Amino acid sequence: MQEEVKKPSVVQKIKNYLRTHENIAQIIKYTVFSMLAFIVEYVSFTLLVLLLKNYTEEAVWWIFRYTTESGGMGAMIAFFVSVVLAQITAFIVNRKKTFKATNNLAFSMITYAIMVCGIIVFNTWSGAAITEALNKVIPNLTVCQYIGKLTGSFAAFVITFIMSKFIIMRNPKPKALTEETSAIK
């Protein structure tokens, strides 16, 4: 009697492929887990824009220019707070689930915070710039704000993946075995 050889299912084939192609698996996991951060960012942004919609006083500070046309102080607060919440969520989820980081947590937190400061500055600045530029063409402030927000979010997504994978959440290489350790084993 001949034994029946089971063919692996499609799901098992995908799992096997991802197990042997770690970079692709990380990109997929990062994308899926970053959707959680995306939801946190956009829900908080929407709520804050709605709550602060009457707070349209012009906010001009450093490189940030939130005029009444771009939503004013309320929009600046919404852009800033929502991106902070999203980055905190992304760090917590991706550190262990996506990259399975084993490096020093303090190092990861500090370098991630430095990167996030740059992302927050960029997103808060670009949000107003894009919103104001688009509002000259598109007469709907909300649509312009979301286009500005999406542009910043995509840039943050790409930058954060690259920085996290290669610098912030890397797994240190195991120390080379010395001759004594090799001889013992």
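The values are calculated or read from the model by the stated rules, or taken from the named source; none is laboratory data. Just so it is clear, the model here is predicted, and its values are computed rather than measured. Using ideal geometry, Cβ is built from the backbone for each residue, glycine included, and neighbour counts are taken over all protein chains shown.
Buried (at least 16 other Cβ atoms within 10 Å of the Cβ), aromatic (Phe, Trp, Tyr), part of a loop (DSSP other than H, G, I, E, B) and in contact (Cβ under 8 Å) with a residue 12 or more places away in the chain: is that true of Phe91 in this structure?
Details: buried (at least 16 other Cβ atoms within 10 Å of the Cβ): yes; aromatic (Phe, Trp, Tyr): yes; part of a loop (DSSP other than H, G, I, E, B): no; in contact (Cβ under 8 Å) with a residue 12 or more places away in the chain: yes.
Here the answer is no, as Phe91 does not meet what is asked.
What's the total number of residues in region 1-52 that are basic (Lys, Arg) and at pLDDT 90 or above? Show your work before the answer.
Here is the first cut: in region 1-52, the residues basic (Lys, Arg) are 6-7, 13, 15, 19, 29.
Right, trim to at pLDDT 90 or above and you get 29.
Of the residues in region 1-52, 1 are basic (Lys, Arg) and at pLDDT 90 or above.
Of all residues in region 1-30, those that are small (Gly, Ala, Ser) have Cβ atoms under 7 Å from Cβ atoms of residues that are part of a helix (DSSP H, G or I), 6 or more apart or on another chain, in Ala25/Leu18.
What are the residues in region 59-83 that are at positive phi and either crowded, with 20+ Cβ neighbours inside 10 Å or assigned to a helix (DSSP H, G or I) (or both), if any? Correct list: Gly71, Gly72. Tally time: how many residues in region 1-58 are over 26 Å from the mean Cα position of the chain (by Cα) and assigned to a helix (DSSP H, G or I)? The number of residues fulfilling the criteria is 5. The residue of region 94-120 that is nearest to Asn23 (Cα to Cα), among those that are of a type in the set (A, V, I, L, M, F, W, C) and not in a helix (DSSP H, G or I), is Phe99.
Take the residues of region 98-130 that are of a type outside the set (A, V, I, L, M, F, W, C) and within 14 Å of the chain's Cα centre (by Cα): which is farthest from Ser82 (Cα to Cα)? So, considering only residues that are of a type outside the set (A, V, I, L, M, F, W, C) and within 14 Å of the chain's Cα centre (by Cα), the one farthest from Ser82 (Cα to Cα) is Thr98.
Looking only at residues of region 121-150 that are among the charged types (D, E, K, R) and assigned to a helix (DSSP H, G or I), we find that the one that is farthest from Thr56 (Cα to Cα) is Lys149.
As a summary of the residue check, Phe99 satisfies the conditions (1) surrounded by 20 or more Cβ atoms within 10 Å (Cβ to Cβ); (2) within 19 Å of Ile39 (Cα to Cα); (3) of a type outside the set (Gly, Ala, Ser); (4) modelled with pLDDT of 90 or more except for the one numbered (2).
Anything in region 1-38 that is among the hydroxyl-bearing types (Ser, Thr, Tyr), surrounded by 10 or more Cβ atoms within 10 Å (Cβ to Cβ) and under 17 Å from Phe99 (Cα atoms)? List them, or say none. Don't jump to the end; show me each part of the working.
Taking region 1-38 as the starting set, the residues that turn out to be among the hydroxyl-bearing types (Ser, Thr, Tyr) are 9, 17, 20, 30-31, 34.
Adding the requirement that they be surrounded by 10 or more Cβ atoms within 10 Å (Cβ to Cβ) leaves 17, 30-31, 34.
The answer is Tyr30, Thr31, Ser34.
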